[in-house]
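The values are calculated or read from the model by the stated rules, or taken from the named source; none is laboratory data. None of the values given here were measured: they were computed from a predicted structure. Glycine also receives a Cβ, built like all others from the backbone with ideal geometry; neighbour counts cover every protein chain displayed.
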């Protein structure tokens, strides 16, 4: 993207937010994924982004209580696998297919015989789609039924995420997204991936309600600590490693630009940890390890939009503020009695908003350009106005048709047994393990779980 934004173009396209004006444009993708080195780098980056799923599983599983560990891992594992399949079926075409309207792609559904550039690009983007969907699983942990969660994740991956992605990144096979034409800056998805996933998580926890015992009668929040904080820390380290592929691979080329992107990514994440620590220290709050390392995630999310277009000093500032936003956002959710087990909304949605604004404000060579900042604001608002109402409607409909939340007795006993008839830590749950061994059939285990609930 150039160093200036056309104000006349911005003014002309603003009505399209309401009236869906058609747009004719063509994307120039000839300079990306053009050499074998490009293909190797992006394929390696796709593997790193895939490895982030392990980080999410450890982070979310460790943040939940032991009786729900299997359920969390199952949700992470299943939303990845189901999500990639539906993304291949429909999501990829909606997001990157021929896009003359500026709103969604119209071809490349069920892509066949993908080789070279097409295959690597699909693989990389499929990992991003899985990342956006799995953000929800940590927020809704310990009280959401398994199958409704999978259905909701499929809708996110097949429709909600790809449609907004087409606005910001679309046109790989011709045409262009309307936000992209405005000059929207979002290298690897502070808004496209993280805010979209965060707004979906917000909708889900609103419909679900808090866990039993999370808030007192007067609304006072009560801590429900996770069962394994070392797993949480390990998960975030893995996510951090994956972020080098997340941001670095988004250049779609093996060039000298990668170095600056990776340095800014590292600086942003480190500054996020420092920002969270400083806030907790000066506000005289307990210095929790979960809050501290979540600050690192907030810094990484924030720098994701502008990692390729900021100087290192501004990358540090972006990450530092991201750490502050993480802590403040978490406290805001508690104040309004919203229960987010892993602070996914504050880390991904709120820090994604800040990072997208920062990418406009701190654009190298064009600092604090009000036109560019306006475009970034349009992108932020359009992401919320598309994602949140649709996902709220999806989860509300699922709750009415098949039910989202587990029974209170199942929640007390743990979702590992009531949803999957297993125990993640059998040595600490001998009553469930012994009861399960009484029957060798899944039907028998299901009957026992039902009897235990009633």
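Within the stretch 234-263, being outside any helix (DSSP H, G or I) and within 10 Å of residue 45 (Cα to Cα) holds for one residue alone: 252.
Among the residues of the stretch 355-387, the ones that are surrounded by fewer than 24 Cβ atoms within 10 Å (Cβ to Cβ) and within 28 Å of residue 56 (Cβ to Cβ) come to 7 in all.
The residues of the stretch 96-108 that are touching a strand residue (DSSP E or B) at 6+ places or on another chain (Cβ under 6 Å) and either surrounded by 24 or more Cβ atoms within 10 Å (Cβ to Cβ) or without any contact (Cβ under 8 Å) to a residue 60 or more places away in the chain (or both), listed by number, are 99, 105.
For every residue, the table says whether it meets (1) touching a strand residue (DSSP E or B) at 6+ places or on another chain (Cβ under 9 Å); (2) outside the structural domain of residue 317 (by TED's automatic domain parsing); (3) modelled with pLDDT under 90.
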{"position": "365", "(1), (2), (3)": "no, no, no"}
{"position": "368", "(1), (2), (3)": "no, no, no"}
{"position": "387", "(1), (2), (3)": "no, no, no"}
{"position": "393", "(1), (2), (3)": "no, no, no"}
{"position": "410", "(1), (2), (3)": "no, yes, no"}
{"position": "428", "(1), (2), (3)": "no, yes, yes"}
{"position": "442", "(1), (2), (3)": "no, yes, yes"}
{"position": "449", "(1), (2), (3)": "no, yes, yes"}
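Residues considered: 325, 301, 273, 287. Of these, the only one that is in contact with a helix residue (DSSP H, G or I) (Cβ under 6 Å, 6 or more places away or on another chain), modelled with pLDDT under 95 and either in a helix (DSSP H, G or I) or farther than 30 Å from residue 412 by Cβ (or both) is 287. Checking each residue in the stretch 240-271 for being in contact (Cβ under 8 Å) with a residue 24 or more places away in the chain, crowded, with 19+ Cβ neighbours inside 10 Å and over 26 Å from residue 117 (Cα atoms) picks out 240, 264, 267, 268, 269, 270, 271.
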